[in-house]
Amino acid sequence: MALPPPVYPEYGWYHVGLCDLEEQRITCEWCKLRQIRYVHVLRHPDHSGKIRVGKICAGYITKNNQLAHDLHQFFFSRRGVNERIIDSPRWKKASQYVEELKTRDGYLISIYTSGGAYICTLTCIETGEKRKSQLIYMNRIDMIYAACDAITDHIMWRRWKMKFFGDKR
């Protein structure tokens with residue numbers, strides 16, 4: 001016997017991320033109709049876990065079509081950043097096991113390597129906030145892509161807070 005579909009709260013959803021699945025597609029977890037490539041990840045305080053939805057459903061669920069649209073546009077504007085960071089001549093060797101790059105966005109990417117494994121720390125230069133990678137990567141390029149995604153998420157979050165709460169932290 002099949003389980004009934006989950007019952008989701010109607011109000012109170014908020015964005016926690018946006019990702020590009022590239023060649024993959026998933027079915028929108030809200031409408032169950034559309035195959036989506038660009039996934040808006042949403043959370044709700046009364047719902048365990050996250051839901052993955054398309055742009056249209058994200059606007060509907062959060063009751064904010066403009067925010068869903070703005071996040072989508074910002075995400076696309078950042079797509080070329082990864083390649084510029086990977087190929088940047090500004091990477092510096094901080095030590096035998098550490099490479100660092102100060103990005104134009106105001107972040108310091110520190111990549112640590114040991115035995116062919118890579119981890120990363122991101123520091124927001126303006127606020128001093130640090131984030132350490134939760135995963136270990138087996139090649140430098142994947143580590144840099146993950147760092148770029150984390151920077152994009154952090155910038156989107158800061159812009160969202162400033163726009164809706166006037167919070168500049």
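A few comments on the model shown:
- Relative packing of 33-44, 109-120, which averages over residues the other C-beta atoms within 10 Å, highest first: 33-44, 109-120
- Peptides 11-20, 122-131, 49-58 ordered by packing proxy, namely the average of other Cβ atoms within 10 Å per residue, highest first: 49-58, 11-20, 122-131.
- Net charge contributed by nearby residues that have their C-beta within less than 14 Å of GLY49 (K/R +1, D/E -1): +1
- Under 23 Å between alpha carbons - lysine pairs in the chain that sit 8 or more apart or on different chains: 25
- The ellipsoid that matches the Cα gyration tensor of segment 14-77 has semi-axes, each √(5λ) in whole angstrom, of 16, 15, 11, with the longest given first.
- Degrees separating the helix 65-77 axis from the principal Cα axis of the chain, which is the longest one: 30
- Labels on offer are [x] 50, 36, 24; [y] 71, 33, 26; [z] 56, 43, 27, and the one holding Cα extents along the principal axes in Å computed from this structure is [z].
- Both radii were evaluated on the Cα set of segment 81-165; the Rg over Rh quotient, with Rh as the Kirkwood radius, amounts to 0.98.
- Euclidean distance between Cα centres, segment 46-94 to segment 101-141, Å: 18
No lab work stands behind these numbers, since they all come straight from the coordinates. None of these values were measured; they are calculated from a predicted model. Every residue, glycine as well, gets a Cβ built from its backbone with ideal geometry; the counts of neighbours run over all protein chains shown.
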